[in-house]
1. Which order results if R131, R199, R100 are arranged by neighbouring Cβ count within 10 Å, fewest first?
2. For the chain, what does the convex hull of the Cα positions come to per residue, in cubic angstrom?
3. Do any chymotrypsin sites (Phe, Trp or Tyr not before Pro) in segment 216-269 lie in a loop, going by DSSP, with at most 14 other beta-carbon atoms within 10 Å of their beta carbon, and if so which?
4. For a 29 Å ceiling on Cα separation, which of these pairs sit above it: K219/K247; K76/K107; K7/K84; K84/K247?
5. Return the sequence-ordered ³J(HN,Hα) values of segment 79-89 in whole Hz as given by the Karplus equation 6.51 cos²θ - 1.76 cosθ + 1.60 applied to θ = phi - 60°, using x for Gly and Pro.
6. Mind listing the phi-derived Karplus ³J(HN,Hα) values for segment 180-185, rounded to whole Hz, using 6.51, -1.76 and 1.60 with θ = phi - 60°, and x for any glycine or proline?
7. Mean separation of Cα pairs under 8 Å and 6+ residues apart, divided by the residue count of the chain: what relative contact order is that in percent?
8. Which whole-number percentage describes the relative contact order of segment 26-65, with Cα contacts under 8 Å and a sequence gap of 6 or more?
Amino acid sequence: MERLKKKALNLERQRFLGPESETVLDRLHVAVIGLGGGGSHVVQQLAHLGVGNFSLFDADLLEDTNLNRVVGATEKDVERATPKTSIALRLIKGINRTARVQAIRTKWQAEADRLHECDVILGCVDSLVERAQIEATARRYLIPYIDVGMDVHLVEEHYAVGGQVMVSLPGHACLRCMGIISEDVLGAETAHYGEAGPRPQVIWINGVLASLAVGSLVKLVAPWHGNQMPALVEFDGNEQTVEHSQKLRLLTDRVCVHFTQLSDFGDPFWPKG
Ligand SMILES: [Zn+2]
């Protein structure tokens, strides 16, 4: 019985993150939007780190085509069509039973108000339109947004794989500033919606990008390293390299011109009642 009372998660070996890091991480409330290949990796790492509060958003049930990359999923989950939120909840609780988890099995847009209570939003979704919507919501709610984007392209006869992780902070460079989103690519995605079929996904690329995203999050809340956090890092899966984006040099001293209206910042209707 005595053993059961003891907290299972011993974080002694990550104390170098800062003397208060255990408390900071336990009090931290992270929203993870999308619990597929990227999001499931992120959730697993955050649970091991000792993050104490989660709001998990995904409307999907596990399918056999997901089993190549959803961390924590099993064959039984395919048979039972387990919701991805339930798999993530089970994964977190299996690591840290004291974690507080809200598993929200719906499109995040339907419950966007619940993002208000989160300290950081981590987005692991495919659609650029959706990523633009998450960023706009994060700006409005004045919450840091960490965006994970994976790319697989056929270049001549070979595939180019990789992606990027962007930290989008209110008042600073946004996905449009970085050239990740533009009206052209949003228009093209909307025009071809449903035609492309499922996008290629593979676990190790997701794993690298998820690790970079978690690293960005930890630097945001426990600045253990002292160095300035790069807003955009790029992973080249073919070359196996991770670099600070060259775009950052072009953006030095520039301010974001995309979120400038009063309605882009702050929600006058929150808190309700
Ligand atoms: Zn911008």
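1. Working: R131 25, R199 10, R100 13.
The fewest-first ordering by Cβ neighbours comes to R199, R100, R131.
2. Hull volume over Cα atoms, normalised by residue count, gives 169 Å³.
3. When the chymotrypsin sites (Phe, Trp or Tyr not before Pro) of segment 216-269 are filtered for loop state and at most 14 Cβ neighbours within 10 Å, W224, F265, F269 remain.
4. From the list (K219/K247; K76/K107; K7/K84; K84/K247), the Cα-Cα distance tops 29 Å for K84/K247.
5. After applying 6.51 cos²θ - 1.76 cosθ + 1.60, I find 4, 8, 6, 5, x, 4, 5, 5, 5, 5, 4 Hz.
6. So the Karplus estimates, Gly and Pro as x, are 6, 10, 9, 4, 5, 6 Hz.
7. 20
8. 57
Rule-based calculations on the coordinates, nothing more; no lab input. These numbers were taken from a predicted model, which means no experiment stands behind them. No Cβ is skipped: glycine too gets one built from the backbone with ideal geometry, and neighbour counts run over all protein chains shown.
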